[in-house]
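Undergrad: One structure, as structure tokens, below. Some questions next.
The values are calculated or read from the model by the stated rules, or taken from the named source; none is laboratory data. Here the structure is a predicted model, which is why all the values come from computation and not from measurement. Here Cβ is always computed from backbone atoms with ideal geometry, including for glycine, and neighbour counts include all displayed protein chains. All accessible areas refer to the heavy atoms of the entire protein, side chains included, with ligands and DNA or RNA removed. Shrake-Rupley method; radii C 1.70, N 1.55, O 1.52, S 1.80 Å.
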Amino acid sequence: GRGWIINNLKFSDWIIFPSNGIIEQRSHGFSDPTVVKNCIFTKITGSCFTVDLGASDNGPYRVEQSIFHDIMCPTGSDTAPIKFANPKKCHVFNNLFYDIQYGDNGARLISLVGTRGPENIIAHNTFGTSSVQEGSTENPNFVIDAQYSKFEYNIMYGQDTNDGSAQSTFARIDRGEANYNIYYQVSGESAYAPFGGGNNVTGAVGNQEVDPQFKGPLLVGSTANYRLAG
């Protein structure tokens with residue numbers, strides 16, 4: 001239903017059928033947002049939060065202040081920790097993603113597929129080391145699919161999307177905006193990488209390629225420390 005606040009829960013050791021999710025939005029038509037916050041998703045095979053209600057769904061949705069760790073996305077296009085179809089007013093803020101593993105080059109980390117993207121915002125998130133490479137069986141051609149959206153104030157660290165595809169990039173924000181992001185050791189084969197695949201973003205201001213200097217010392221496993229040293 002609509003208007004749920006799912007707060008301060010830990011979801012561990014789940015295996016989810018492809019195209020479904022641990023949390024699955026099943027109805028729309030109201031103004032109250034569905035909010036997922038302060039949650040931990042760990043040791044998951046499959047999707048964590050899914051919405052597939054189509055172009056008549058005007059949102060809003062919020063995913064914030066949560067940790068997504070040790071998640072396997074085994075199939076292409078059907079699995080992603082956050083997977084929405086043609087969403088509107090989807091806000092993904094202040095989350096940590098790391099140790100995400102892929103079994104298909106079409107699997108995703110965040111999928112906000114559709115054309116109503118200008119009101120979708122992915123901001124202030126940390127995408128930690130090994131989110132693509134460590135323990136994976138495939139390198140996706142991109143892991144964030146949010147064309148037309150805003151992708152701002154995020155930190156990306158140690159990502160490899162060199163899969164041999166012309167679309168290879170960390171985040172496919174084609175025709176959207178990518179502003180004030182920090183990225184380090186992020187590779188991709190697109191001419192518009194790390195924020196564009198087949199097309200470039202329409203706006204890009206203040207992005208920096210610099211080591212964010214996490215406290216560490218571990219950046220993998222359940223005790224990883226992604227606080228900033230400064």
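Undergrad: Does segment 137-156 contain at least one residue that is at pLDDT below 80, out of contact with any His (no Cβ under 8 Å at 6 or more places or on another chain), buried (at least 19 other Cβ atoms within 10 Å of the Cβ) and closer than 20 Å to K83 by Cα?
TA: yes
Undergrad: Only residues that are part of a loop (DSSP other than H, G, I, E, B) and open to solvent by less than 10 Å² (accessible area, probe 1.4 Å): list them for segment 164-189, please.
TA: Answer for segment 164-189, where residues must be part of a loop (DSSP other than H, G, I, E, B) and open to solvent by less than 10 Å² (accessible area, probe 1.4 Å): S168, T169, F170, I173, D174, G176, N181.
Undergrad: Now for a different question. Here is a check on your reading of the model: is I40 β-branched (V, I, T) and within 30 Å of S168 (Cβ to Cβ)?
TA: No; evaluated as a whole, the condition is false for this residue.
Undergrad: Looking at (1) without any contact (Cβ under 8 Å) to a residue 40 or more places away in the chain; (2) in contact with a strand residue (DSSP E or B) (Cβ under 6 Å, 6 or more places away or on another chain); (3) among the aromatic types (F, W, Y); (4) in a loop (DSSP other than H, G, I, E, B), which is the only condition F97 fails?
TA: The number of the failed condition is (4).
Results for (1) in contact with an Asp or Glu (Cβ under 6 Å, 6 or more places away or on another chain); (2) closer than 25 Å to T79 by Cα; (3) not aromatic (F, W, Y), shown as yes or no for each residue.
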{"site": "N141", "(1), (2), (3)": "yes, yes, yes"}
{"site": "Y157", "(1), (2), (3)": "no, yes, no"}
{"site": "Q167", "(1), (2), (3)": "no, yes, yes"}
{"site": "I182", "(1), (2), (3)": "no, no, yes"}
{"site": "G203", "(1), (2), (3)": "yes, no, yes"}
{"site": "N207", "(1), (2), (3)": "no, no, yes"}
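Undergrad: Give me a count of the residues in segment 201-230 that are surrounded by 17 or more Cβ atoms within 10 Å (Cβ to Cβ) and among the polar types (S, T, N, Q).
TA: The number of residues fulfilling the criteria is 1.
Undergrad: So which residues in segment 20-51 are in contact with a Gly (Cβ under 9 Å, 6 or more places away or on another chain) and open to solvent by 60 Å² or more (accessible area, probe 1.4 Å), if there are any at all?
TA: Hits for segment 20-51 are R26, H28, F30, S31, D32.
Undergrad: Would you please list the contacts, defined by Cβ atoms under 7 Å and residues six or more apart or on different chains, that run from a residue in segment 185-196 that is under 13 Å from D163 (Cα atoms) to a residue that is among the hydroxyl-bearing types (S, T, Y) and open to solvent by 10 Å² or more (accessible area, probe 1.4 Å)?
TA: Once the first residue is under 13 Å from D163 (Cα atoms) and sits in segment 185-196, its partners that are among the hydroxyl-bearing types (S, T, Y) and open to solvent by 10 Å² or more (accessible area, probe 1.4 Å) give E189/S165.
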